[in-house]
1. Scan region 159-172 and tell me whether some residue there is surrounded by fewer than 12 Cβ atoms within 10 Å (Cβ to Cβ), closer than 22 Å to Ala61 by Cβ and either more than 49 Å from the chain's Cα centre (by Cα) or acidic (Asp, Glu) (or both).
2. Conditions first: (1) open to solvent by 60 Å² or more (accessible area, probe 1.4 Å); (2) touching a Pro at 6+ places or on another chain (Cβ under 9 Å). His137 passes all but one, so which condition is the exception?
3. If I ask for residues that are open to solvent by less than 10 Å² (accessible area, probe 1.4 Å) and part of a helix (DSSP H, G or I), which ones from region 174-199 would you list?
4. How do the pairs read when you match residues in region 97-122 that are closer than 20 Å to Thr62 by Cβ with residues anywhere that are open to solvent by 30 Å² or more (accessible area, probe 1.4 Å) and in a loop (DSSP other than H, G, I, E, B), using Cβ under 7 Å and keeping only pairs 6 or more apart or on different chains?
5. Which residues, taken from region 106-129, are in contact with a helix residue (DSSP H, G or I) (Cβ under 9 Å, 6 or more places away or on another chain), over 17 Å from Arg90 (Cβ atoms) and small (Gly, Ala, Ser)?
6. Output the residues belonging to region 200-259 that are small (Gly, Ala, Ser), without any contact (Cβ under 8 Å) to a residue 12 or more places away in the chain and either open to solvent by 100 Å² or more (accessible area, probe 1.4 Å) or part of a helix (DSSP H, G or I) (or both).
7. Which residue, of Pro100, Pro131, is under 25 Å from Asp18 (Cβ atoms) and not aliphatic (A, V, I, L, M)?
8. If you take the residues of region 90-120 that are among the hydroxyl-bearing types (Ser, Thr, Tyr) and not in a strand (DSSP E or B), which of them is least open to solvent (accessible area, probe 1.4 Å)?
Amino acid sequence: MIVANPIYDIVFKYLMEDERIARTILSALLKKNIVKVEVRPHEYANDKRDPLSIFRIDFAATVRDDHGNDHLILIELQKTWLETETLRFRQYLGVQYQNPKNMVGEKMDRHALPLVAVYLLGHKVGDIEEPVLYVSHNSYDYNGNPVTKGLPNPFVDSLTHDSIIVQIPRLHGQINNRLDKVLSIFDQTRMNNDNQHELRIEDDLYAGDEDMQHILHRLLMAAADSAMRQDMNVEDEYFSVIESRDTEIMMKTRELAEKTVELKQKSQQLEQKKQQLEQKDQQLEQKDQQLEQKDQQLEQKDQQLEQKDQQEGPATRAEGPATRAEGPATRAEGPATEKYASPIRHGIACSRQVTSRCSRSLEHRPWDSDGNSQGFVMPHPQPLSDSLTPGPSPTGEGSGMICDIEPRGFHLFICQ
């Protein structure tokens, strides 16, 4: 059997507008006996969908308990194809909490109707593998022990609500209970390969189940409605645009995340370089301090040398004349000391000069008027004359013998 795919909002709305079908689906989800369902007169009298494609229907359902008592509850059903932020769902719930029409009772006894939120999701929720997830509130004492006395309580129930989350992509055609059979009409593994607007249903699986046969019959009517097919085409175009937009947003978000990581890495690198530069600046500063200390040491040494020069200069100049004055005195003492030894040395020297040639240079050192010696070295040995004559000392003090040296005309004075 080929039927319309109820994943499309237009088909789902058409399906849930049937009170019998609504009771069948909601009873299976809540696991309660719902005897009456009324679509709340609100927001969904038109065919417009939420800008983020969240389809909403609010129901006032009458539930009959095991004792035959009827209780009125609110059921907010939200259906979406695409992933969206939970804030949208919370905003819709906030509207229900604020709506005074959802309050019952008189004056101080007024309280809110119990609320159950049902979410039919066309996407998976994280790593949760269960296709249907029940989230119920319970009451506990400080030690974690369940509290049952006095509950349920209208005040407590007015401030909390239960939730049922259905992950349509987790439905895989297995029917193990009543809920699996009802939700099997949303199983997208049954999608017609040639047309995603249609599902292939094995009607034998629902034989003898009048409620399910009624659901299949309505879906079959939707598939045969040309206006309904056209609306499904519009939804395809609408969701195609949304998916393209979301894909682009996702890619840009990924690129932004990658750039953020790159910027973070670059920031870390810049921080490291900054630290390295600071270390180098500290090293340079230390070197500058060391150089400054060396300059100070050199300056101190220069001052010390200058002080020494200032202290030693006069003393050195004072010692010069005294030293020079000692020279003549010392030389003057020579003739007196060697008065008796000079004739002997004179005789020996003269004998050697007469009998042989001089094989060494003869040094002549006369004194000037200040008592300083003047030196002269003969360029080569010359024969000595044996002529010795007495004569005065070049300094004018004392007397001795003068030996004439030929052919240069030099005189050798021998002190007595």
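1. no
2. Condition not satisfied by His137: (2).
3. Val182, Leu183, Ser184, Ile185, Phe186
4. Cβ pairs passing all conditions: Met103/Arg110; Val104/Arg110; His111/Gly105; Leu115/His161; Val116/His161; Ala117/His161.
5. Listed by number, the list holds a single entry, Gly122.
6. Residues satisfying the conditions are Ala224, Ser226, Ala227, Ser240, Ser244, Ala257.
7. Pro131
8. Going through the qualifying residues, I end up with Tyr92.
The values are calculated or read from the model by the stated rules, or taken from the named source; none is laboratory data. Not measured: the values here are computed from a predicted model. Glycine also receives a Cβ, built like all others from the backbone with ideal geometry; neighbour counts cover every protein chain displayed. Ligands, DNA and RNA are stripped out before the accessible areas are found, and what is left, the full protein with its side chains, is counted by its heavy atoms. Shrake-Rupley method; radii C 1.70, N 1.55, O 1.52, S 1.80 Å.
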